[in-house]
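To keep things clear, I will list the structure first and then write my remarks on it.
Every number in this text was worked out from the coordinates using simple rules, so none of it is lab data. Quick caveat, the model's predicted, so the values are computed rather than measured. Don't worry about glycine lacking a Cβ; one is built from the backbone with ideal geometry, like all the others, and counts go over all protein chains shown.
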2 protein chains.
Amino acid sequence: MRSPVKHSTHRLEPLLNPASIAIVGASNNAARIGGMPIAHLTKFGYQGRIYPINPKYEQVFGLRCHADIESLPEAPDLVVLAIAAADVLAMLRRCAARGVRAVIVYAAGFAEEGARGAALQAELEAYVATTDLVVAGPNAMGFANLNTQAHTNFASVFNTAPMQPGRGSVSLLTQSGNVCAAVYAIARRLGVDFSHFINTGNEACVDFAQYLEYLAQDDATDVALGYIEELRDGERFMQAAERFSRQGKLLVLYKAGETDKGSEAVRSHTSALAGDQAVYQAAFRQLDIIQSNDFVQMAQLAHLAGYRHKSAGRRVAIITISGALGAILADKFIALGLDVPTLPQALQDTLRSGIPDYGMVSNPVDVTGNVVNDPGFVRTAMEALAQSDAVDAVVIYAPGYMLDRMADDLCAVSQKFARLFVAIDTGAARTREQLRAGGVPVFEDIGVAVSALSPFLLWQERRRNNRWLDLRGEAPPERTALPPSLDEYSTKQLLVRHGMPAGAERVATTADEAAAAAEAIGYPVVLKVLSADIAHKTEAGGVRLRLQDADEVRKAFTEVLASVRRHAPQARIDGALVCRMESGVAELIVGATRDPVFGMTLTVGLGGVLTELYKDVSHRVLPVDASMAREMLGELKAFPLLTGYRGRAPGDVDAACAAIAGFSRAVLALQEQADEVEVNPLLVRERGHGVCMLDALVLPAKASPHNH
Amino acid sequence: MRSPVKHSTHRLEPLLNPASIAIVGASNNAARIGGMPIAHLTKFGYQGRIYPINPKYEQVFGLRCHADIESLPEAPDLVVLAIAAADVLAMLRRCAARGVRAVIVYAAGFAEEGARGAALQAELEAYVATTDLVVAGPNAMGFANLNTQAHTNFASVFNTAPMQPGRGSVSLLTQSGNVCAAVYAIARRLGVDFSHFINTGNEACVDFAQYLEYLAQDDATDVALGYIEELRDGERFMQAAERFSRQGKLLVLYKAGETDKGSEAVRSHTSALAGDQAVYQAAFRQLDIIQSNDFVQMAQLAHLAGYRHKSAGRRVAIITISGALGAILADKFIALGLDVPTLPQALQDTLRSGIPDYGMVSNPVDVTGNVVNDPGFVRTAMEALAQSDAVDAVVIYAPGYMLDRMADDLCAVSQKFARLFVAIDTGAARTREQLRAGGVPVFEDIGVAVSALSPFLLWQERRRNNRWLDLRGEAPPERTALPPSLDEYSTKQLLVRHGMPAGAERVATTADEAAAAAEAIGYPVVLKVLSADIAHKTEAGGVRLRLQDADEVRKAFTEVLASVRRHAPQARIDGALVCRMESGVAELIVGATRDPVFGMTLTVGLGGVLTELYKDVSHRVLPVDASMAREMLGELKAFPLLTGYRGRAPGDVDAACAAIAGFSRAVLALQEQADEVEVNPLLVRERGHGVCMLDALVLPAKASPHNH
């Protein structure tokens, strides 16, 4: 018996959990788009009311067929339009007049098909905005609610993939109908049971983020598997993802467009502008989203999510009956970011009591094939592992009959303790279902097991303590106005106010002022032209280094200004900046740019051409505090250069992190006024001696008065 | 009907394809190691003679049981010893006396188990060396010949994995019995049919390379899937791998020990010393071996190898019914090193004739869902793709019934043309077997398809033109003796003779000679102490840069020698080297080290600390010619620095490649005399201006007279 359907008050409820469905353009042919949804609805036992609509028929699939929506006995929750693009708008007007709540538009021929289609879609959007209608598509394959069998799709995958036996709690949400069908087919083969099957089509009126928001509040959804080509509403998306995280629901997303060729194909497919992959990756991690680019991995993650109430984390104990398989598992886990810590001596001693000399007890643990003959020891070992502080999860590799002999003990220990135990059986154990029911997920391939377990265990650990979601919830810093001139000095002073340090430096408007400034600061000094109009000071002859006395400074002032005037006669020159000549351990680049989807995002790297070639940078969506800054620096492959590599002096990493946090506050305080802020380089001095900006710039927003 | 068994004359033939098998320690219990091989032999229908041996029984599994090997009616090809370690040596002597040809030793308790076991194994090895016996193991799970059902194993996987219906041509060769069983189980689930099941145990007398050599000459083996922890005989391994390549057989190897933790586990497992992963990777590629670290991928590669006679290569045309899936496939192929080239205009025009406007024709090609209704067009499109010069292979994604509608055309085109066509069906196409029989491999998952296809297509391309195997076959350069002193000058001169250029430089033994040398070379010059005993010249005060005239040179000579004498009073000083002060575009490090498995291997990278942190280096087993050197440089992420990055001058890449080839000749000419040779840095000047060594060193072999 299925439990009665509950309805939420969410705006998309009639679309995704309708009590009544009308199909305009109904057909008796199950192979046609007007016939397939009715075939599915009747075949799979939808309990709501079904209204085929087509003046040509009396009956469709044994159901009474109505001539038009006006003659229906009620205003249906949802109308499916299996009609041509040209007829859609007129029909939407009739739906609105009839009091329909939601509509799905199958028709292609809109924004994905050139200028004429785009115009038609714009007209549709404009009309719908004047109504209360919820309109899905156009160019969509339709939906399925697998718990109510509300099929509003023409997806032939439901004819071939085996229907799940009961309720499911995994929802599919994709920006491609074919991907929706492909993931569904693969995941069904692997035994995943679904709640919603959603593909968004052109998203004229309802976008990906709104569906995600629905799934976040949907009691029938514990896990969402998504496929994204483009996000249209980044802020709404982030809010929905945050809600997933706060409720302990798992969100797994595939982001298309890794390479230019892929992006190109996606663009011509949905006219979407793909964002920056690295920023998506950072944002997903900050939002506790697992990023996947493998359909099998997605399905396995959905399976694992069923065990997310068990305690787990990155430190894995590996128990095998084979040293080789233990080594293989350890390698794979470590390569994917997990730890395989050496076990504490007391735990090793406990294990050694039942493991022969040629077995291993450090981790991976090789219990050897003999151990399964000693069930008392298996129980003792598992209980010890379940209680050790040194690990977060236990993975057991034992093929076929060996796993069978351990199964009772494994289930008992799993039920007694909170810790996650996972089994891998490349053989044919008869106890697989017993183990799964007993709280122990079972995998039948090593590669698949590791590829799903690694991100799942990291997710389990990260979501327990997601600083960023809290940081995001805090009040933003007070707005700071952009200074009237965006020269180097004003820009640095703006950043200094938020905690990003500058070196000793003064503005001089005459040669004598420059010399006086140098005397005050102390030699040697650097003299740089001060002008918001000169982007490349060195190329313009606007920089002099290592000036040793007042005469050199005066001379440099005069020469620099002359050179810059020659080089850029139109530039407004505000004088020169006299700075202490600084030296340090390393130079960082710290920059923020406005991502079209996620807003201001921070990039940190070590300066220089090799960093660029090696793409050795770390990204985060703002805000970033000092501890997140530390994490970012730690992700750089060149990070050892900051901590005393090969006898070099270690840099002041703490000061760098504090400065980056100040930079984050400054950028957020500028709000919409700047599109880009950059400190390059940020000089890192020896530990204990702080950091300082050597140069900084702000690019004002395109719409700002600075950009005229 | 099975075809009659053919026997080769190879030394391992009685081990792997025996005509008669005796089992010492025979048991009636199929769960025991003395019972399981007999159970398998009788159950699976081995046609040779089976001799159970155990004085306790009259009959075992319905077969007459003999008291001892002496009372057998013939000397069996192969004896399986299911007895304890302590009894093995005595039994081997009896086997030798009886005229037995081969023996498998199951027993553990040898080198894998401490010093006592190692001594026992050494005794066994020493004895076997005095006989003609071929002895496998000890500590081995035994073999199976799946074409004759000669089971000499105690692997329970044969009780659970479904037995293949006919002959197979895929051999398994692993250094772990459990890995052998795990790969077998997974691959059988995926439909792979096997010839040999081999695990090598401790390799006391027969090592991995010797089994590989057997499989190379074995008519029943087209593909070998291997798992390696350690190679004991690198040269023999390379010869066997080369034979695989020359015969067009596919060799897929999993090399354990990617991370330290994994290596540690492997070491305690088989007391193996893991080699350098990067060198293994290079050697495998040079030997046309596909490296895999995934059992499913290995199985799928074995499946694909059945289609290796089709023409294929790295340039892939992707045909889908979905823009999104096309983009996903393109991304994945490109990420794994394949090309998805834009199709030529004429081919695009042909495709456009049958594809609607909203489809794509450039590649990936989105034929749209409608196209399957136009079978004439499918045929036209496939024939055009089969004949285009712009691609090497065609991958079709079409789920379920869509693929079914294309199947006849696909088979027809595949049979008419040499080119490889591959289908991916995430649905449930009924024509999968028809397609496979028609020459079109079918995958049911996108990730799995890409992960197997990418290395397979690259292998197909590379093996057509493997320069290195030819190079390896050429006569080595004539032996060059190490000079009596390995100071910088002598070392450079040694390398110069083989084509590695040095700058203008002269040896001076007095200050006046130094000045005269500088006058001859031209200023500025560098002066460096000349001594084979000073490893770090700069630290010893032994280097002076930018000397501008004769006086500076004289002074520098005196000071440098004084400083070095103070710093290293024991060092023998041969004078100073006066060199032209050189400058260039970039600096390379070019080094050769002796790998314990593969011999002298070359490493090339850009100099500097970041290269080290980013591990941006390329490796090859020697010899390396100029074109291989070019390939190595091209693999460096920092390569753009050599070709004019961001307005820099391009370097003389051709000269660098010629110099690296000269370096390779020099190293080979030294033969066993040196363990390490390094040029660091090799200065690369602007294009057209060549390269030159700035420093070079040779580490003589440990056994050489230079190392006393």
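Within the shell of other residues whose beta carbon sits under 14 angstrom from the beta carbon of residue B:502, the net charge comes to +1, with Lys and Arg scored +1 and Asp and Glu -1. Ignoring lysines fewer than eight residues from residue B:332 along the same chain, the ones with Cα atoms less than 17 angstrom from its Cα are A:255, A:261.
FRET efficiency for the residue B:94 to residue B:699 pair, using the beta carbon distance and R₀ = 60 Å, is estimated at 0.75. Of the residues A:69, B:186, the one with the fewest other Cβ atoms within 10 Å heads the list, and the complete ranking is A:69, B:186. Could you calculate the FRET efficiency of residue B:311 with residue A:615 from 1/(1 + (r/R0)^6), where r is the beta carbon distance between them and R0 is 51 Å, rounded to 0.05? Calculated value: 0.90. In chain A, the calculated helix contribution to ellipticity at 222 nm averages -11500 deg cm²/dmol per residue, counting -39,500 (n - 2.57) for every DSSP H run with n ≥ 4.
Distance from the Cα centroid of the stretch B:411-431 to that of the stretch A:489-539 is 69 Å (rounded to whole angstrom).
Near residue A:237, within a Cβ-to-Cβ distance under 9 Å, what is the net charge of the other residues, with Lys and Arg +1 and Asp and Glu -1? Combined, the nearby Lys, Arg, Asp and Glu give -2.
Within the straight-line cut-off of under 18 Å between alpha carbons, the lysines reachable from residue B:615 are A:615, A:637, B:637, sequence neighbours fewer than 8 places apart in one chain being disregarded.
Peptide B:177-185 shows a mean partner chain C-beta count of 6 within 10 Å per residue C-beta. Model label sites at residue B:648 and residue A:159, defined 7 Å from Cα along the beta-carbon direction, differ in position by 6.0 nm. Between the stretch B:217-248 and the stretch A:306-342, the alpha-carbon centres lie 32 Å apart. For a paramagnetic label modelled on residue A:415 (point 7 Å from Cα along Cα→Cβ), amide N atoms under 13 Å away belong, within the stretch A:438-454, to A:438-440. Fully extending the segment from residue B:475 to residue B:535, taken as 0.36 nm per residue of separation minus the present Cα-Cα distance, adds 18.2 nm. With a 10 Å cut-off around each Cβ of A:317-323, the average count of Cβ atoms from other chains is 3.
Taken residue by residue and averaged, Cβ atoms of other chains lying within 10 Å of the Cβ of B:444-453 number 4. At R0 = 51 Å, how high is the FRET efficiency between residue B:510 and residue A:243 if r is their beta carbon distance? Nearest 0.05 is fine. Result of the calculation: an efficiency of 0.05. Residues A:27, B:353, A:362, ranked from the fewest to the most other C-beta atoms within 10 Å, line up as B:353, A:362, A:27.
Extending 7 Å from the Cα toward the beta-carbon at both residue B:545 and residue B:131 defines two label points whose distance is 6.8 nm. Label position 7 Å from Cα toward Cβ: report the copy-to-copy distances for residue B:647 in nm, one decimal, ordered from shortest. Nearest to farthest, the other copies are at 3.7 nm. Straight-distance candidates among the lysines for linking to residue A:702, with alpha-carbon spacing under 25 Å and chain neighbours fewer than 8 residues away dropped: A:492, A:537. The local environment of residue B:677, defined by Cβ-Cβ distances under 14 Å, has a net charge of -3 under the rule Lys, Arg +1 and Asp, Glu -1. Here the residues B:151, A:10, B:309, ranked from fewest to most Cβ neighbours within 10 Å of their Cβ, fall in the order B:309, A:10, B:151.
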